[in-house]
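**Q** Input: one structure, supplied below.
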Amino acid sequence: MAEGERKALIVGAGIGGLATALALQKAGWKVEVLERSGTLESPGTGLSLWPNALAALERLGVLDNVLTAAVPVRGDVLDMAGEPIMLLEQLEVRRRYGLPIQMIHRSDLTSILARPLKVNTVHLGLEVTGFELGFPRSSVQLNTGGRKNADLVVGADGLYSVVRTGLVGGGAPRSSGTTALRGICPAAGLDHGSVPWGEMWGDGGVFGATPLSGDRVYWYGTLPNEELASYREQGWKQAAINTFAPWHPGIANILQQTPEDAILAHELFDRKPEPVWSGRSATLVGDAAHPMLPFLGQGGCQALEDAVALADALGHHSSVAEGLLAYEHARTQRANRIVSQSHSIARLAQLDSAKLRKARDTAMRLLPKSFRLKQLDTVVGYEGH
Ligand SMILES: Cc1cc2nc3c(=O)[nH]c(=O)nc-3n(C[C@H](O)[C@H](O)[C@H](O)COP(=O)(O)OP(=O)(O)OC[C@H]3O[C@@H](n4cnc5c(N)ncnc54)[C@H](O)[C@@H]3O)c2cc1C
């Protein structure tokens, strides 16, 4: 089949769906993206972009725009006194991988990914309610009652993916037992010297604060689900103040400057890694394929890697089915390893025993730099360089 005739339907216009649309369009595919939401605006949060994501964005031709909208992340890991347990050596990161890890507003990233797409690529307000794997074409059922089919259907529809259910079976995702709060506040009123920049591994959860472009600060924290009813009663802002402000004097100020309606709460889930993501004319990217806990800040980065790898694999094979096998071969092992690593770090970061935290902090401070860099290499996908 000539490349120009190939048609792909992508379900979902999040980071994974938009990046895949861009990658396939650049490779000559005719692409339609079906998004149930009426807007491409993402909720007001930050997103860390590691060098693996930046390399993917470069391949997509949008790295310069991303770097204009992003700022280097402050990612040192701190103990409850605000003292470093592990330094994120951004100079070393830059030396090793070319660029420091960045922080961007999600809406900035989605609009940068959507801008180069051809007009009428993304159809908003269109929900996919069913998926049928077929050969040589797969099809989707729409909420409008219609059906669409294509040489390739890509499920980029996130944690509760309809396409995933049709491809590899559904089943409930794994709850982490924690809920993440996220917010953005103006940086202007803050005493910058007192802010614990980076990620504090505190009593049973984490709290992170890092600059965002536009003179803003992005913060996040995790709470145990057992207390959710009481947190809801207090309101998220008060719950955050009650939980995190006692950890460090610089935190209260950040939370007080955040409007209540700018705080998002999401229970955190992942799924057990799945070795197969594809049928002969359909596959998955992003959270639909490998939802992970956010403790490595890699979910979106991995979705970007998927997009580039999928277009590459399809470009190297004349048959879609063979291209999808090559895509799985390139991606499943790496992405699934990051799912498992993120799961382990979630446990390590959220210890509620002071004794265990102390032992952990001491052990982590003793880790040789070479070991830490090796860990970083694994996440960035830099092994063997
Ligand atoms: C607290 C938290 C912090 C995080 N921090 C980071 C970070 O710093 N860095 C990072 O890289 N990652 C981070 N992540 C992970 C990241 O948010 C996700 O991995 C990423 O958003 C996945 O993108 P996606 O496009 O695969 O899925 P999603 O973002 O879930 O997008 C799916 C899209 O599909 C649409 N959709 C769903 N179902 C249908 C349907 N049936 N029909 C049509 N459309 C549909 C949805 O409306 C949505 O637009 C974090 C996650 C959380 C929860």
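**Q** What part of the accessible area of the stretch 174-269, given as a whole %, is carbon or sulfur when the probe is 1.4 angstrom?
**A** That fraction is 50 percent.
**Q** Could you run the Debye sum over the Cα atoms of the stretch 98-249, one equal point scatterer each and no solvent, and tell me log10 of I(q)/I(0) at q = 0.11, 0.15, 0.16 Å⁻¹, two decimals?
**A** -0.71, -1.01, -1.05
**Q** For the pair Thr165/Arg232, report the inter-label distance in nm, with labels modelled 7 Å from Cα in the Cβ direction.
**A** 2.3 nm
**Q** Right, another one. Using only alpha carbon pairs under 8 Å that are at least six residues apart, calculate the relative contact order of the chain and give it in whole percent. Intermediate values should be presented prior to the final figure.
**A** Values: 797 pairs, mean separation 80.8, N = 385.
That works out to 21 percent.
**Q** Rounded to whole Å and sorted largest first, what semi-axes of the equivalent ellipsoid does the C-alpha gyration tensor of the stretch 30-175 yield via the square root of 5 times each eigenvalue? Walk me through the numbers before you get to the answer.
**A** Details: eigenvalues 258, 75, 43 Å².
The equivalent ellipsoid of the stretch 30-175 has semi-axes of 36, 19, 15 Å.
**Q** Hey, if you put +1 on the Cβ of every Lys and Arg and -1 on every Asp and Glu Cβ in the stretch 237-370, which of His248, Ala265, Gln298 ends up farthest toward the positive end of that dipole?
**A** Toward the positive end, the furthest listed residue is His248.
**Q** Can you give me the accessible area per residue for the stretch 174-269, using a 1.4 Å probe, in Å²? Provide the component values of the computation, followed by the final result.
**A** Working: 3780 Å² over 96 residues.
With the other protein chains kept in place, the stretch 174-269 gives 39 Å² per residue.
**Q** Would you please report the Å³ per residue occupied by the convex hull of the alpha carbon atoms in the chain?
**A** Values: hull volume 52.8 nm³, N = 385.
Roughly 137 Å³ of hull volume per residue.
**Q** Oh, and also: Dividing the Cα convex hull volume of the stretch 269-322 by residue count, how many Å³ per residue is that?
**A** Hull volume over Cα atoms, normalised by residue count, gives 73 Å³.
**Q** For the pair Ala262 and His316, how long in nm is the line joining their label points, each one 7 Å along Cα→Cβ?
**A** Reported label-point gap for Ala262 and His316 is 4.5 nm.
**Q** Compare the Cα positions of Thr144, Ile184, Pro196 along the charge dipole of the stretch 66-196 (+1 at Cβ of Lys, Arg; -1 at Cβ of Asp, Glu; about the Cα centre) and return the one farthest towards the positive end.
**A** Going by the charge dipole, the pick is Thr144.
**Q** Just the ratio, please: alpha-carbon radius of gyration of the stretch 115-168 over 2.2 N^0.38 Å, N its number of residues.
**A** The reported ratio for this selection is 1.17.
**Q** From Cα pairs below 8 angstrom and at least 6 apart in sequence, can you work out the relative contact order of the stretch 12-146, rounded to a whole percent? Kindly include the intermediate steps, with their values, before the conclusion.
**A** Values: 192 pairs, mean separation 45.8, N = 135.
Here the relative contact order equals 34 percent.
**Q** Could you rank Met292, Met80 by how accessible they are, 1.4 Å probe, largest area first?
**A** Numbers: Met292 20, Met80 60 Å².
Most to least solvent-accessible, the answer reads Met80, Met292.
**Q** Averaging over all projection directions, find the projected area of the Cα convex hull of the stretch 1-62 and quote it in nm² with one decimal place. Could you put the intermediate results ahead of the total?
**A** Details: hull surface 20.3 nm².
Across all orientations, the stretch 1-62 yields a mean hull projection of 5.1 nm².
**Q** Please build a GNM for the chain, connecting alpha carbons under 10 Å apart, and tell me which residue among Ser319, Ser370, Ser175 fluctuates the most.
**A** Highest fluctuation among the options: Ser370.
**Q** Could you check which residue among Gly145, Gly177, Gly297 shows the biggest mean-square fluctuation in a GNM of the chain with a 10 Å Cα cutoff?
**A** Per the Cα network of the chain with a 10 Å cutoff, Gly145 tops the list.
**Q** Could you grab the relative contact order for the stretch 174-269? Cα pairs under 8 Å, six or more apart, rounded to a whole percent. Walk me through the numbers on the way to the answer.
**A** Working: 165 pairs, mean separation 41.1, N = 96.
Reported as a whole number, the value is 43 percent.
**Q** Among DSSP beta bridges whose residues both lie in the chain, state the antiparallel percentage, nearest 5.
**A** Within the chain, antiparallel bridges account for around 70 percent of the total.
**Q** Kindly provide the helix-only [θ] at 222 nm of the chain, computed as the sum of -39,500 (n - 2.57) over DSSP H runs of four or more divided by all residues, to the nearest 500 deg cm²/dmol?
**A** On the way: 13 runs with 146 residues, N = 385.
Taking each H run of at least 4 residues, the total per residue is -11500 deg cm²/dmol.
**Q** Same structure again: Can you give the Kirkwood hydrodynamic radius for the stretch 174-269, in Å, rounded to one decimal and based on Cα pairs? Spell out each step's value before the answer.
**A** Numbers: mean 1/r = 0.0750 Å⁻¹.
Averaging 1/r across every pair of different Cα atoms and inverting gives 13.3 Å.
**Q** Set the Förster distance to 22 Å, then compute FRET efficiency between Ser213 and Ser37 from the Cβ-Cβ distance, nearest 0.05.
**A** Details: r = 24 Å, r/R0 = 1.09.
Once rounded, the FRET efficiency stands at 0.40.
**Q** Where nothing but the Cβ of Lys and Arg (+1) and of Asp and Glu (-1) is charged, how large is the charge dipole of the stretch 174-269 around its Cα centre, in debye to the nearest 20?
**A** Numbers: 5 positive and 10 negative charges, 33 e Å.
Charge dipole, the stretch 174-269, about its Cα centre: 160 debye, nearest 20.
**Q** Can you compute the charge dipole magnitude of the chain about its Cα centre, using +1 on each Lys and Arg Cβ and -1 on each Asp and Glu Cβ, nothing else charged? Give it in debye, rounded to the nearest 20.
**A** Details: 37 positive and 39 negative charges, 130 e Å.
Computed about the Cα centre, the dipole is about 620 debye.
**Q** Related question: Computed over the Cα atoms of the stretch 232-385, what is the convex hull's projected area averaged over all directions, in nm²?
**A** Spelled out: convex hull of the Cα atoms, projected over all directions, averaged, 12.8 nm².
The values are calculated or read from the model by the stated rules, or taken from the named source; none is laboratory data. Note that this is a predicted model, so its numbers are computed, not measured. Please note: Cβ atoms are built from the backbone with ideal geometry, for glycine as well, and neighbour counts cover all protein chains shown. For the accessible areas, the whole protein counts, side chains as well, though only heavy atoms, and no ligand, DNA or RNA atoms are used. Shrake-Rupley method; radii C 1.70, N 1.55, O 1.52, S 1.80 Å.
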